[in-house]
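Participant: I have a structure here, written as C-alpha cells, and I will follow up with some questions on it.
Please treat every number below as a calculation from the coordinates, not as lab data. As the structure is a prediction and not an experimental result, all values here were calculated from the model. Note: ideal-geometry Cβ built from the backbone for every residue, glycine included; neighbour counts use all protein chains shown.
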Amino acid sequence: MEFPYQVLTILVEIFLSLLAFGLVAIVVMYIIDVRQTEHAVRRNYPVIGRFRYLFEHLGEFFRQYFFAMDREELPFNRAERSWVYQAAKGEDTTVAFGSTRDLKPPGTLLFVNCAYPTLERDAVESGPITFGPYCRQPYETASFFNVSGMSYGAISSPAIRALSRGAKKAGCWMNTGEGALSPYHLEGGADIVFQIGTAKYGVRDQAGNLSDDRLREVAAHEQVRMIEIKLSQGAKPGKGGILPGGKVTEEIAKIRFIAVGQDSISPNRHPDVNNAGELLDFVHRVREVTGKPTGFKCVIGAYGWLDDLCQEILKRGIESAPDFITIDSAEGGTGAAPMSLIDYMGLPVRESLPLVADTLTRYNLKSRIRLITSGKLITPGQVAWALCVGADAVVSARGFMFSLGCIQAMQCNRNTCPTGIATHDPDLQRGLVVADKAERVYRYAKMVQKEVGIIAHSCGVTEPRRLQRMHCRVVQSNGLSMPLDELFPPLPAVSTQRDTALAGS
C-alpha cells in the first residue's frame, strides 16, 4: 500500500506544479494582452481573444478536410486533386453512379461524342510536331502534355529530380522556370526547355545583362532542346519573380549568379525589350547563339501588340518569327505574388488562347508559330479543350506538383511546405522520396495522355491533336451550349504586302 501512495503523491505534486505554471502563464499573457496595442480583440478580451487567431488559422484546414464540398475549393477543388492523386498512384480513376460535376453553370465545357466513335484498332499515337524548322537544331516531339516552369529554388532539389526522372520516362519535356539550369534538371535525362526570365538567371553577367558565353554553355547540353524567353507570368503579370532570401542557399546563388541569403527580385520586364522589333531581335539573338528553337512566354491582357508583332514578322520574313508562344493564364500559379495581381491582372486562358490562335491564323502564321498553353489545365478535359481551341501542347506545373504529393497547403512562400516540394528544409524534404515520386509523375503524365485520347476517340478523331473547335461546346447564360467554332468564329485573313503584290501581277 505504501508504493501506490508515493506514486499518488508524486502525481499530485506534478499536477499542482503544472497548474501553478499554467496560472503564471495566464497572468503573463493577460498582462501582455492588456498592454499591447496591435490587436484590439486581445486588448479588450485578454487571453480569451487569442483563441480567435488560433481558430482562424485552424479554419483553413478544417474547411479543406471537413466542410468544403468536392467541387467548391479554390484554386483546385477536391475532385480535381483526387483525380490527379489516383492517376499518379496508378489507382482506378473510374467513378460510379453519376458525375458530381454540375453541367448547368455558364462556362461549363461539354464535348460532343459522335455516332461512330473511333475504334481502338484505328486509334493512333499523337504524331510528332516540329519546333523551330528554320534553326540549326529543330526539336521534334510527340508529347502534348508536359511539365511547366518550376524553378530550382522555388521548389526543392528532390522535387526537381523526381520531375526530371518522371518526365524522361513519360517522354515529355520539363521547363526549368526562370531559376536557371541546375544539375537536378539534367539528372533524369528528360528533354528540357530552358527559360530566360527577366533577371536572366544562369545566363547573366555581373550587371545582370544577357551573356552570350553563358548562354552557349547552357545550350551545349544536349538535353536542352528549346529556349523560352519569359515576358510575364500568369499569377503576376507586370511583376518579376520573387525568391525570399531564406531560400537563396549557396548552391542556388551559384547556379543563378546572385548573392547568398538576399531576396532575389526579378525586374518586371526585360529592360532591353520595348517593342515588337526588339522582341524579335532578342529572339533572333538567342536562337543564333544557341542554334535551338526559341520562343516566348506571356500573359495576354492588352492584345494590340500581337498585331504589331505579326506585322513585323511578315515585314522581316517568316524565318524571323518566334518558334513558339506560350500563353499563360491569369489563373496561373506561383510561389509568391501580390494579391492585387494574382486576383485581378490578365485574361484567363479560356479567353486568351483562342484570341492568340485566331490572331496567328489571320496572319497565316499558325503553322509557323507553335502554341503552348498553361494555367490550371490539370485534367484530361481541360487539356482536350486547349487542343480543340488551337494549342499544340499544354504544360502544367501545379498538376505535376499534385502528382508529387502537394496537398495545397498554401505554404509555398514560407519555406514550410509539409510535403517537401516547395521548401529547402532538409527535415521536410526527407518526406519526398525521389524514386517513388518519379513513378507518380510518369503515371500522371501517361494517364492524362491516355484519357485525352479517350475524349478524342469519342469525338470521332484518331488522335488528340486532331480535335477541333466543333468538338467542344460551352454552356451559355441561357443554359444552352454553343460550339466553340461559333463562339469564336474565324476572322478574315489580313492582307499582306506580298498578297497585294501577287494580286497586282
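Participant: Using only Cα atoms, find the angle between the long axis of helix 2-35 and the longest principal axis of the chain, and express it within 0 to 90 degrees, rounded to the nearest 10.
Facilitator: Between helix and principal axis, roughly 60 degrees.
Participant: Next question. Set the Förster radius R0 to 35 Å, insert the Cβ-Cβ distance between Arg466 and His221 as r into 1/(1 + (r/R0)^6), and round the FRET efficiency to 0.05. Could you put the intermediate results ahead of the total?
Facilitator: Details: r = 34 Å, r/R0 = 0.96.
Computed FRET efficiency for Arg466 and His221: 0.55.
Participant: Follow-up. Each residue of the range 482-489 in order: what ³J(HN,Hα) in whole Hz does its phi give by Karplus 6.51 cos²θ - 1.76 cosθ + 1.60, θ = phi - 60°, with x for Gly and Pro?
Facilitator: Result, rounded to whole Hz: 10, x, 4, 6, 8, 5, 10, x.
Participant: Quick one: angle between helix 78-89 and the longest Cα principal axis of the chain, in degrees between 0 and 90, rounded to 10, please.
Facilitator: 80 degrees
Participant: If the label point is 7 Å along Cα→Cβ of Ser340, which residues in the range 230-245 have backbone nitrogen under 16 Å from it?
Facilitator: 236-240
Participant: Here is a further query. Based on DSSP H runs of at least 4 residues, each adding -39500 (n - 2.57), what is the mean residue ellipticity at 222 nm of the chain after dividing by all its residues, to the nearest 500 deg cm²/dmol? If you can, show how the numbers build up before the last one.
Facilitator: Values: 18 runs with 204 residues, N = 505.
Counting only the DSSP helices, I get -12500 deg cm²/dmol.
Participant: Also, I was wondering about something else. Stretched out fully, how many nm does the piece from Asn478 to Ile129 gain, at 0.36 nm a residue minus the Cα gap? Write down the numbers at each step before the final one.
Facilitator: Numbers: separation 349, 0.36 × 349 = 125.64 nm, distance 3.94 nm.
Here the segment from Asn478 to Ile129 would lengthen by 121.7 nm.
Participant: Of the trypsin sites (Lys or Arg not before Pro) in the range 110-196, which ones lie in a loop per DSSP and count no more than 11 other C-beta atoms within 10 Å? Please report the intermediate quantities before stating the final value.
Facilitator: On the way: sites: Arg121, Arg136, Arg161, Arg165, Lys168, Lys169; in loops: Arg136.
Taking the range 110-196 and a limit of 11 other Cβ atoms within 10 Å, the loop trypsin sites (Lys or Arg not before Pro) found are Arg136.
Participant: Once phi is turned into θ = phi - 60°, what whole-Hz ³J(HN,Hα) does the Karplus curve with 6.51, -1.76 and 1.60 give for every residue of the range 91-99, x standing for Gly and Pro?
Facilitator: 8, 5, 9, 6, 10, 10, 6, x, 6
Participant: Over 20 Å intervals from 0, what percent of Cα-Cα pairs in the chain sits in each interval?
Facilitator: Distribution as computed: 20, 50, 21, 7, 1, 0 percent.
Participant: Ok, one more. Just to be sure I understand the model, the point goes 7 Å from the Cα along the line to the Cβ. What's the resulting Asn209 to Ile48 distance in nm?
Facilitator: According to this spin-label approximation, the distance is 6.7 nm.
Participant: Using packing as a proxy for protection, rank 411-422, 225-236 so that the peptide with the highest average count of other Cβ atoms within 10 Å comes first.
Facilitator: Per-residue Cβ counts within 10 Å, averaged per peptide and sorted highest first, yield 225-236, 411-422.
Participant: Multiplying the sequence separation of Leu18 and Arg414 by 0.36 nm and subtracting their Cα-Cα distance, what value in nm do you get? Walk me through the numbers before you get to the answer.
Facilitator: Values: separation 396, 0.36 × 396 = 142.56 nm, distance 3.39 nm.
Extending this stretch completely gives an extra 139.2 nm.
Participant: So if each residue of separation counts as 0.36 nm, and I subtract the Cα-Cα distance between Tyr116 and Val41, what length gain in nm does that give? Mind showing how you got there, number by number?
Facilitator: Details: separation 75, 0.36 × 75 = 27.00 nm, distance 6.63 nm.
Taking 0.36 nm per residue and subtracting the Cα distance, the gain is 20.4 nm.
Participant: Which value in nm describes the separation of the simple spin-label points at Arg316 and Gln6, placed 7 Å from the Cα toward the beta carbon?
Facilitator: Roughly 9.0 nm, to one decimal.
Participant: Excluding same-chain residues fewer than 8 positions from Lys89, which lysines have a Cα within less than 19 Å of its Cα?
Facilitator: Counting by Cα, and skipping residues close in sequence, Lys89 has these lysines nearby: Lys168, Lys169, Lys437, Lys446, Lys450.
Participant: Here is a further query. FRET efficiency for Val260 and Val95, Cβ-Cβ distance as r, R0 = 60 Å, nearest 0.05? Present the calculation step by step, with values, prior to reporting the outcome.
Facilitator: Values: r = 49 Å, r/R0 = 0.82.
FRET efficiency, Val260 to Val95: 0.75.
Participant: Can you give me the distance in nm between label points at Ala25 and Glu250, each placed 7 Å from the Cα along the Cα-to-Cβ direction?
Facilitator: About 3.9 nm, to one decimal.
Participant: Read phi for every residue in the range 37-48 and hand back ³J(HN,Hα) as whole Hz from Karplus 6.51 cos²θ - 1.76 cosθ + 1.60, θ = phi - 60°, with x for Gly and Pro.
Facilitator: Each residue's phi maps through the Karplus curve to give 10, 7, 10, 5, 4, 5, 5, 7, 10, x, 6, 4 Hz.
Participant: With unit charges on the beta carbons (Lys and Arg positive, Asp and Glu negative) and the dipole taken about the Cα centre of the range 342-394, which residue among Tyr363, Ala393, Tyr344 sits farthest to the positive side?
Facilitator: Value: Tyr363.
Participant: Can you give the angle from 0 to 90° between the axis of helix 349-362 and the longest principal axis of the chain, with both taken from C-alpha atoms, to the nearest 10?
Facilitator: Its long axis makes an angle of about 10 degrees.
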